[in-house]
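K.L.:
Next up is a structure, given as structure tokens.
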Amino acid sequence: MEWIAENKIPVGKWMANFVDFLTDYFFWFFDYITIVLEGFTTAVAESLLWFPDWIIIAAVTAFATWLHRSWKLGLFTALSLLFIVNLGYWEETIYTVTLVICATFVSMLFGVPLGVVAAHKPKFWLFLRPVLDMMQTIPTFVYLIPALIFFGLGMVPGLIATVIFAIPAPIRLTYLGISSVPTPLVEAAESFGATKKQLLFKVEIPHAFPTIMAGLTQCIMLSLSMVVIASMVGADGLGIPVLRALNTVNIAKGFEAGLAIVIVAILMDRICKRPAHKGGE
Amino acid sequence: MSEDKKTSVSFRNVDIMFGEKAEQSEALKLLDAGGTRKSILDETGCVLGTADASIDIKEGEICVLMGLSGSGKSTLLRAVNGLNKVSRGSILVQDGDRQVDIASCDKDTLRHMRTERVAMVFQQFGLLPWRTVEENVGLGLELAGMSVVEREKIVLEKLELVGLAQWKDKYAHELSGGMQQRVGLARAFATDADILLMDEPFSALDPLIRNQLQDFLLGLQKDLNKTIIFVSHDLDEALKLGNHIAIMEEGRIVQYGEPEDIVLNPANAYVAEFVAHMNPLNVLQGASFMTPLNELDKEGDKYIANFKTSLFFSVDGAGSALDAQIYDDAQSLAIKPISTEEDVAGLNDDCIVVAPSDMKMRWMIEIRHRTSNPILLSDGEKIVGLVGDDEIYAGILRQTSLGQEEAA
């Protein structure tokens with residue numbers, strides 16, 4: 001046993017070397033991603049912050065009321081957002097929402113096509129599934145370190161870490177939705193001469209749409225749960241005051257910032273929940 | 001049915017084998033060596049779908065593929081539009097002046113055949129639940145690349161044809177099963193394909209609706225004159241709809257012929273078993289169970305129509321009915337020739353009916369019931385035979401006894 005302990009396999013070292021290798025030879029690639037994502041998140045955050053808070057509150061309230069045909073939800077939305085303004089966390093909330101929106105956007109952008117491919121290529125799914133499991137089980141902090149090295153401090157490493165954590169949801173649910181399309185529907189379309197593309201856009205995706213939307217909702221909630229962790233690598237948002245409160249043992253501040261996160265979470269969940277739909281089963 | 005009609009779909013020695021490509025050739029070799037479905041499955045893991053299926057289906061006729069589940073009837077049907085791949089043999093489908101072999105044609109040709117030439121109706125309807133009735137009916141046209149505006153007119157026309165125009169904005173699942181299948185029919189009609197594949201389209205419906213839809217289809221077929229290949233496991237349905245019936249067992253066509261042919265001369269015990277359970281009333285033609293004229297007892301130059309009531313009749317030199325009278329009172333009965341089933345309703349007592357020899361049993365019984373007299377059967381003007389109580393009973397009984405004998 002001693003021998004085993006003395007002759008340590010340097011897996012950690014290997015990984016570190018690999019990361020070094022990537023930073024040495026692919027820095028241009030990571031720089032490129034950083035610039036794009038940085039620009040993207042900044043644009044979203046700046047444009048949201050450009051509007052006075054009351055306009056955003058009015059817009060979100062109107063949207064929620066319209067989407068769910070419920071004045072109760074509208075009232076709840078307005079009151080919650082006003083409460084956040086009252087707590088003094090408006091700007092942080094906007095950054096958090098930006099992170100969630102961007103992470104969800106990127107996750108859906110890559111997750112849905114990956115799910116579609118996985119549903120059509122069983123071998124690819126066989127390879128993808130353990131990867132997804134790994135992405136969701138590896139503690140976030142572990143890949144936060146290389147993310148920091150590749151992408152520097154700020155929104156981008158936070159975004160990347162969030163995407164890694166959240167993207168399995170849309171992939172899995174898209175896969176589920178597409179692969180559960182009943183054969184008779186596929187055959188009906190085929191018998192009328194549907195091409196592969198038509199089959200995808202006229203049968204498979206419409207049929208999987210509710211499931212893909214469930215993937216979107218899950219993705220949003222998963223992204224939100226990464227807010228505090230993302231703030232550790234310098235992503236702006238509600239995670240920052242939470243971290244500060246932790247470092248200074250400031251119960252009041254911690255509670256208020258935490259409350260704001262909870263409110264954002266509840267609001268997003270309520271608004272994203274699928275409204276009563278027409279047709280379909 | 002005239003013989004000069006063009007062949008619309010032609011199956012030529014079609015073998016369909018399900019399984020890995022690598023094992024298929026091995027399985028086909030086994031099949032050629034006389035392997036059964038089970039031995040092929042055990043040795044190669046391939047499932048035999050159909051073996052050596054060859055039939056020609058003429059334009060405008062309804063051909064019913066019939067058999068128990070697993071007999072390969074759906075498999076054969078689905079090969080016509082390429083949903084099942086043909087392992088060996090060919091399926092020639094008429095396309096304008098050329099014939100396309102579905103088994104070997106390229107992707108674009110297959111797509112052309114599917115969008116323009118062959119349409120399909122499914123057992124479970126296969127309607128897209130997130131689409132309205134109108135959008136479902138337009139599916140084929142949409143896939144063929146037709147614009148919304150062009151589609152609308154055609155879709156509405158087809159919906160009117162099936163009587164569902166006012167339901168066009170409903171979702172498929174809001175309709176009853178029978179209505180859903182009419183949507184399925186409209187969808188198949190919409191592409192104006194001449195060939196219609198129907199895979200047990202009415203099996204999922206209750207008997208009453210099934211019967212209605214069968215009549216509905218027959219009514220439509222009179223005007224549309226499509227080539228229909230229809231899969232059914234119900235002989236009554238097959239006999240009612242089919243111009244020709246192919247009976248399948250274990251992937252092979254064991255008998256192919258006209259409905260009466262199947263009923264009167266079942267090729268083997270399997271077919272006889274089906275026949276035993278069918279309803280002969282709508283199938284058997286008078287000629288098949290009558291007593292021919294030359295076998296009737298004679299009294300002088302008069303034929304005995306009914307010994308008990310002392311009913312006699314005589315024919316003239318050309319063979320048409322001349323006179324019919326009850327022996328005792330020497331009074332002539334009226335002789336009424338009828339030509340179609342519609343005439344039966346107007347009949348009453350005290351006449352002798354001369355009916356065409358291809359009239360179905362059900363109408364013979366109806367005539368017998370209305371007139372209380374036997375029926376003379378004619379072929380053109382000529383009297384060919386007679387149907388009385390004995391013939392009717394024997395006709396029904398022979399049906400069942402035949403089935404039992406053969407099945408035993």
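K.L.:
Would you mind checking which residues have amide H under 5 Å from B:Ile375's amide H? H placed 1.01 Å from N; only 5 or more apart, or other chain.
P.N.:
B:Val387, B:Gly388
K.L.:
Right, here's the next one. Sequence gap at least 6, Cα distance under 8 Å: using those rules, report the relative contact order of the stretch A:160-281 to the nearest whole percent.
P.N.:
Answer for the stretch A:160-281 is 25 percent.
K.L.:
Of B:Gly126, B:Ala165, B:Val100, which is farthest towards the positive pole of the stretch B:92-187's charge dipole, taken about the Cα centre with +1 and -1 on the beta-carbons of Lys, Arg and Asp, Glu respectively?
P.N.:
B:Gly126
K.L.:
Given a Förster distance of 35 angstrom, what is the FRET efficiency for A:Leu243 paired with A:Asn86, based on the Cβ-Cβ distance and rounded to 0.05?
P.N.:
After rounding, the FRET efficiency stands at 0.95.
K.L.:
Quick one: if the Förster radius is 25 Å, what FRET efficiency do B:Ser203 and B:Val254 give, using the C-beta to C-beta distance and rounding to 0.05?
P.N.:
After rounding, the FRET efficiency stands at 0.75.
K.L.:
Something else now. B:Ile335: net charge of surrounding residues, Cβ under 13 Å, Lys/Arg +1, Asp/Glu -1, itself excluded?
P.N.:
On the way: positive: B:Lys336; negative: B:Asp316, B:Asp323, B:Asp350, B:Glu381.
Neighbourhood net charge equals -3.
K.L.:
Something else: Compute, for the stretch B:286-395, the length of the dipole vector about the Cα centre, with Cβ point charges of +1 (Lys, Arg) and -1 (Asp, Glu) only. Units Debye, rounded to 20.
P.N.:
Here the size comes out at about 160 debye.
K.L.:
Continuing with the same structure: Roughly what would the spin-label model give for B:Ser176 and A:Ile251, points 7 Å off Cα along C-beta, in nm?
P.N.:
Taking the two extended label points, one gets 7.0 nm.
K.L.:
Still on this structure, I have one more. Is the C-alpha gyration tensor of the stretch A:24-123 telling us rounded, prolate or oblate? Criteria: a/c under 1.5 is rounded; beyond that, a/b larger than b/c is prolate, otherwise oblate.
P.N.:
Judged from the Cα gyration tensor, the stretch A:24-123 comes out oblate (a/c at least 1.5, b/c at or above a/b).
K.L.:
Mind listing the phi-derived Karplus ³J(HN,Hα) values for the stretch B:69-76, rounded to whole Hz, using 6.51, -1.76 and 1.60 with θ = phi - 60°, and x for any glycine or proline?
P.N.:
These are the phi-based 3J(HN,Hα) values: 5, x, 8, x, 5, 5, 4, 5 Hz.
K.L.:
Within the stretch B:243-352, report the trypsin sites (Lys or Arg not before Pro) that DSSP leaves as loop and that have at most 12 other Cβ atoms within 10 Å. Mind showing how you got there, number by number?
P.N.:
Details: sites: B:Arg252, B:Lys298, B:Lys302, B:Lys308; in loops: B:Lys308.
Within the stretch B:243-352, the qualifying trypsin sites (Lys or Arg not before Pro) (loop, at most 12 other Cβ atoms within 10 Å) are B:Lys308.
K.L.:
Further question: Rolling a 1.4 angstrom probe over the protein heavy atoms, how many square angstrom per residue are accessible across chain B? Provide the component values of the computation, followed by the final result.
P.N.:
Values: 18740 Å² over 408 residues.
Computed with neighbouring chains in place, this is 46 Å² per residue.
K.L.:
By its C-alpha gyration tensor, with a ≥ b ≥ c as the square roots of the eigenvalues, how is chain B shaped: rounded for a/c under 1.5, else prolate for a/b larger than b/c, else oblate?
P.N.:
In terms of gyration-tensor shape, prolate.
K.L.:
Next question. If you add up the charges near B:Arg114, with Lys and Arg at +1 and Asp and Glu at -1, over every other residue whose beta carbon is less than 14 angstrom from its beta carbon, what do you get?
P.N.:
-3
K.L.:
Here's another thing I want to ask about it. Estimate the FRET efficiency between B:Asn279 and A:Lys273 by the formula 1/(1 + (r/R0)^6), using the beta-carbon distance for r and 60 Å for R0, to the nearest 0.05.
P.N.:
FRET efficiency, B:Asn279 to A:Lys273: 0.60.
K.L.:
Another question, if that's okay. First check a/c for the stretch A:10-272, with a ≥ b ≥ c the square roots of the eigenvalues of its C-alpha gyration tensor; if it is under 1.5, answer rounded, and if not, answer prolate when a/b is larger than b/c or oblate otherwise.
P.N.:
Judged from the Cα gyration tensor, the stretch A:10-272 comes out oblate (a/c at least 1.5, b/c at or above a/b).
K.L.:
Per DSSP H run of at least 4 residues, take -39500 (n - 2.57); add these up for chain B, divide by its residues and hand me the 222 nm value, nearest 500 deg cm²/dmol. Walk me through the numbers on the way to the answer.
P.N.:
Values: 15 runs with 144 residues, N = 408.
Mean residue ellipticity at 222 nm (helix-derived): -10000 deg cm²/dmol.
K.L.:
Right, next: Amide H of B:Phe230: which non-local residues (sequence gap of 5 or more, or other chain) have their own amide H closer than 5 Å, using H built in the peptide plane?
P.N.:
Counting only residues 5 or more places away or on other chains, the set is B:Cys63, B:Val64, B:Leu65, B:Met198.
K.L.:
If the chain between B:Lys222 and B:Asp32 were fully stretched, how many nm would it gain, using 0.36 nm times the residue separation less the Cα-Cα distance? List each step's numbers first, then the result.
P.N.:
Numbers: separation 190, 0.36 × 190 = 68.40 nm, distance 4.20 nm.
Residue separation times 0.36 nm, minus the Cα-Cα distance, leaves 64.2 nm.
K.L.:
Ignoring ligands, DNA and RNA, what percent of the accessible area of the stretch A:10-272 is carbon or sulfur (1.4 Å)? Mind showing how you got there, number by number?
P.N.:
On the way: 9960 of 13470 Å².
Carbon with sulfur: 74 percent of the solvent-accessible area.
K.L.:
Can you pull out the GluC sites (Glu not before Pro) in the stretch B:315-400 whose DSSP state is coil and whose Cβ has at most 12 other Cβ atoms within 10 Å?
P.N.:
Of the GluC sites (Glu not before Pro), the ones in loops of the stretch B:315-400 whose Cβ has at most 12 other Cβ atoms within 10 Å are B:Glu381.
K.L.:
Gaussian network model of chain B, Cα springs within a sub-10 Å range: biggest mean-square fluctuation belongs to which of B:Val283, B:Val118, B:Val315?
P.N.:
B:Val315
K.L.:
Something else now. Using 7 Å Cα-to-Cβ label points, what is the A:Phe105/B:Ser310 separation (nm, one decimal)?
P.N.:
10.7 nm
K.L.:
Then there's this: To the nearest hundred square angstrom, how large is the accessible surface buried between A and B, total for both chains, probe 1.4 angstrom?
P.N.:
2000 Å²
K.L.:
Using the Kirkwood radius built from alpha carbon pairs, what does the Stokes-Einstein equation give as D for the stretch B:254-366 at 20 °C and 1.002 mPa s, in µm² per second?
P.N.:
Taking Rh from Cα pairs, D becomes 131 µm²/s.
K.L.:
Lys and Arg at +1, Asp and Glu at -1: add these up for the other residues within a Cβ distance under 11 Å of B:Ile229 and post the number. It would help to have the intermediate numbers written out before the result.
P.N.:
Working: positive: B:Lys73, B:Arg78, B:Lys226; negative: B:Glu61, B:Asp199.
Result for the local shell: +1.
The values are calculated or read from the model by the stated rules, or taken from the named source; none is laboratory data. Computed from a prediction, not measured in an experiment: that's the story for all the values here. Positions of Cβ are generated from backbone atoms using ideal geometry, with glycine treated the same way; all protein chains shown enter the neighbour counts. The accessibility values were calculated without ligands, DNA or RNA, using every heavy atom of the protein model including side chains. Shrake-Rupley method; radii C 1.70, N 1.55, O 1.52, S 1.80 Å.
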